Amino acid sequence: EPEVTQTPSHQVTQMGQEVILRCVPISNHLYFYWYRQILGQKVEFLVSFYNNEISEKSEIFDDQFSVERPDGSNFTLKIRSTKLEDSAMYFCASSEARQPQHFGDGTRLSIL
Amino acid sequence: AQTVTQSQPEMSVQEAETVTLSCTYDTSENNYYLFWYKQPPSRQMILVIRQEAYKQQNATENRFSVNFQKAAKSFSLKISDSQLGDTAMYFCAFTATGANSKLTFGKGITLSVRP
């Protein structure tokens, strides 16, 4: 069964550094999403992306965040200047129609 | 704005028994989807079951079934014949149909299946 794949599985970064989280959505999917889960808390929506543009973003998704689909397969989340509070599990999801969304295994981001 | 409430932080069930996980939600939308996702210790998010609000029939997926009460805005998950592999965090999630398809999640419930 096709899967959403995310790399790396764990990223450790110094505060203030830029980080790029990568996702390869399922190949025929058209809608892409990023969510995050701070340890012990619920999963929160960050951004949705369709037709090469952001369709919705949450208030968490401020100017330090950006998303890109640089080619036909990858979907990336960039955090420009990381803060301690950015430490979380970041999930990429994709869907063929708007639902259901299929999630990747996540990238654990640790900011030191 | 939509909200999803899972008021039970944790539950425990004996292997082979049945357990029901509760979820309520609040929305002014008439058309929407509801989901249960499972998150085992490995932290991946796995879709367990989904329900379209316009369908009166409760969704069933093998040992998993839901009790969808639209008027009460309640969406509980029943796991029959619980297995050790069902041990996980379970999240209830909501999305409205239409342009904005983001998922709104509840806080989750930790389910432990005892051998």
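Details
- Filter pass, B:ALA71 being more than 14 Å from chain A (Cβ to nearest Cβ) and either under 21 Å from B:ARG114 (Cα atoms) or touching an Asp or Glu at 6+ places or on another chain (Cβ under 6 Å) (or both): no
- Residues of the stretch B:66-110 that turn out to be assigned to a loop (DSSP other than H, G, I, E, B) and farther than 25 Å from A:SER58 by Cβ, as a count: 8
- Matching residues, the stretch B:10-65, being small (Gly, Ala, Ser), outside any strand (DSSP E or B) and closer than 22 Å to B:ALA96 by Cα: B:SER22, B:SER28, B:ALA53, B:ALA59
- Scanning the stretch A:1-28 for residues that are in contact (Cβ under 8 Å) with a residue 60 or more places away in the chain and within 12 Å of chain B (Cβ to nearest Cβ) yields a total of 6.
- One residue alone among B:ASP86, B:ASP26 is more than 10 Å from chain A (Cβ to nearest Cβ), acidic (Asp, Glu) and within 15 Å of B:THR5 (Cα to Cα), and that residue is B:ASP26.
- Going through (1) within 14 Å of the chain's Cα centre (by Cα); (2) without any contact (Cβ under 8 Å) to a residue 40 or more places away in the chain one by one, A:ILE38 falls short only on (2).
- Search result, residues across the stretch B:79-115 that are of a type in the set (D, E, K, R) and closer than 17 Å to B:GLU52 by Cα: B:LYS102
- So B:LYS70, is it surrounded by 13 or more Cβ atoms within 10 Å (Cβ to Cβ), of a type outside the set (A, V, I, L, M, F, W, C), without any contact (Cβ under 8 Å) to a residue 24 or more places away in the chain and over 20 Å from A:SER95 (Cα atoms): yes
- The residue of the stretch B:1-38 that is surrounded by the most Cβ atoms within 10 Å (Cβ to Cβ), among those that are aliphatic (A, V, I, L, M) and more than 15 Å from the chain's Cα centre (by Cα), is B:VAL13.
- Looking across the stretch A:61-112, the residues that are surrounded by fewer than 17 Cβ atoms within 10 Å (Cβ to Cβ), away from chain B (no Cβ under 14 Å), farther than 14 Å from A:PHE49 by Cβ and in contact (Cβ under 8 Å) with a residue 60 or more places away in the chain come down to A:ARG80, A:SER81, A:LYS83, A:LEU84, A:LEU112.
- Matching residues in the stretch A:1-17 - criterion: being touching a Cys at 6+ places or on another chain (Cβ under 7 Å) and of a type outside the set (Val, Ile, Thr): A:GLN6
- Residue match in the stretch B:39-58 (condition: crowded, with 16+ Cβ neighbours inside 10 Å and in contact with a helix residue (DSSP H, G or I) (Cβ under 9 Å, 6 or more places away or on another chain)): no
- Test: B:THR95 is within 14 Å of another protein chain (Cβ to nearest Cβ), over 20 Å from B:THR110 (Cβ atoms) and in contact (Cβ under 8 Å) with a residue 24 or more places away in the chain: yes
Just so you know, all these numbers are worked out from the coordinates, no wet-lab data involved. If you're wondering where the values come from, they're calculated on a predicted model, not measured in any experiment. So basically every Cβ, Gly included, is an ideal-geometry build from the backbone, and we count neighbours across all protein chains shown.
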